[in-house]
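Here the structure is laid out as structure tokens; the discussion comes afterwards.
The values are calculated or read from the model by the stated rules, or taken from the named source; none is laboratory data. Computed from a prediction, not measured in an experiment: that's the story for all the values here. With ideal geometry, Cβ positions are generated from the backbone for all residues, glycine too; neighbour counts draw on all protein chains shown. Just the protein is used for accessible areas: all its heavy atoms, side chains included, with ligands, DNA and RNA removed. Shrake-Rupley method; radii C 1.70, N 1.55, O 1.52, S 1.80 Å.
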Amino acid sequence: MSTPQTFSALQVMQDAPVIPVIVLNDVAHAVPMARALVAGGIRMLEVTLRTPQALACIEAIAREVPEAVVGAGTVRSKADAQAAANAGSRFAVSPGYTSAVGQACRDAGLALLPGVATGSEIMMAQEDGFTELKFFPAMQAGGPAMLKAWSGPFFDVRFCPTGGVTLQNATEFLALPNVVCVGGSWLVPADAMASGDWARVTALAQATHALRK
Ligand code: 3PG
């Protein structure tokens, strides 16, 4: 088998305007959900490590949907990073930042989008060499105004705002020069997943392309 292509955090962010944040409760949903997003033109998929089935879902997508690039979200510890990599994740996203998580992702060969919500957290992530960051929770922690304020002192940092982002307010985030993409769970609604309405997931993915910067 050929070695899978590796992606930097910036490449993960630049692939599409939105990184879908996915919560999977049933392994049977993983592959059709991933195929539906790929059919809608979205291949960077963040599967959150917040259900018991998440790692098995990542494994299934990595094995059966080669067009997708599956990553792990909600990575909070060294163990999470290792488990995510072992399951076939190609990148990681964390809700906050610690040097231990940053180092564990490096050791596991995973590009990391570290979560930050304050200037001090940005500085800690930058000290460890991370300059592409997730702003989380974006709406609750200040929204576009916060990113505008950060663009002065943190002129060399680029963000993926996530948390409270919708198709409607994504435009305002994506218009900012320090925003590369946004993250959001709206592409994979729980009810569409439960009813197997994969056409709706594809349509939601397709709708995000109008947001392209
Ligand atoms: C999360 O980690 O839960 C994401 O930030 C998703 O937030 P959203 O549901 O508001 O898109």
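Things to note:
- In the range 148-164, residue farthest from LEU10 (Cα to Cα) [restricted to those that are within 15 Å of the ligand (Cβ to nearest atom) and without any contact (Cβ under 8 Å) to a residue 40 or more places away in the chain]: GLY164
- Condition broken by GLY143, with the remaining ones in (1) over 16 Å from the mean Cα position of the chain (by Cα); (2) within 15 Å of the ligand (Cβ to nearest atom); (3) under 19 Å from SER77 (Cβ atoms) satisfied: (3)
- Options PRO17, PRO32: the member that is touching a Lys or Arg at 6+ places or on another chain (Cβ under 7 Å) and at pLDDT 95 or above: PRO17
- Test: residue in the range 157-174 that is farther than 27 Å from LEU24 by Cβ, out of contact with any strand residue (DSSP E or B) (no Cβ under 9 Å at 6 or more places or on another chain) and modelled with pLDDT of 95 or more: yes
- Only a single item in (1) under 23 Å from PRO95 (Cα atoms); (2) touching a residue at least 40 places away in the same chain (Cβ under 8 Å) is not met by ARG50, and it is number (2).
- Unmet criterion (only one of (1) over 21 Å from LYS134 (Cβ atoms); (2) surrounded by fewer than 17 Cβ atoms within 10 Å (Cβ to Cβ)) for ALA62: (2)
- Single residue of THR202, THR171, THR208 found to be among the β-branched types (Val, Ile, Thr) and within 14 Å of the ligand (Cβ to nearest atom): THR208
- Hits in the range 106-122 - residues which are within 13 Å of the ligand (Cβ to nearest atom) and among the small types (Gly, Ala, Ser): GLY115, ALA117
- Unmet criterion (only one of (1) out of contact with any Lys or Arg (no Cβ under 9 Å at 6 or more places or on another chain); (2) closer than 24 Å to VAL38 by Cβ; (3) not acidic (Asp, Glu)) for VAL157: (2)
- The residues on offer are ALA92, ALA125, and the sole one that is within 16 Å of the ligand (Cβ to nearest atom) and open to solvent by less than 30 Å² (accessible area, probe 1.4 Å) is ALA92.
- Identity of the residue in the range 30-46, open to solvent by 20 Å² or more (accessible area, probe 1.4 Å) and among the charged types (D, E, K, R), that ends up nearest to ARG212 (Cα to Cα): ARG43
- Yes/no for GLN82 being within 15 Å of the ligand (Cβ to nearest atom) and among the polar types (S, T, N, Q): no
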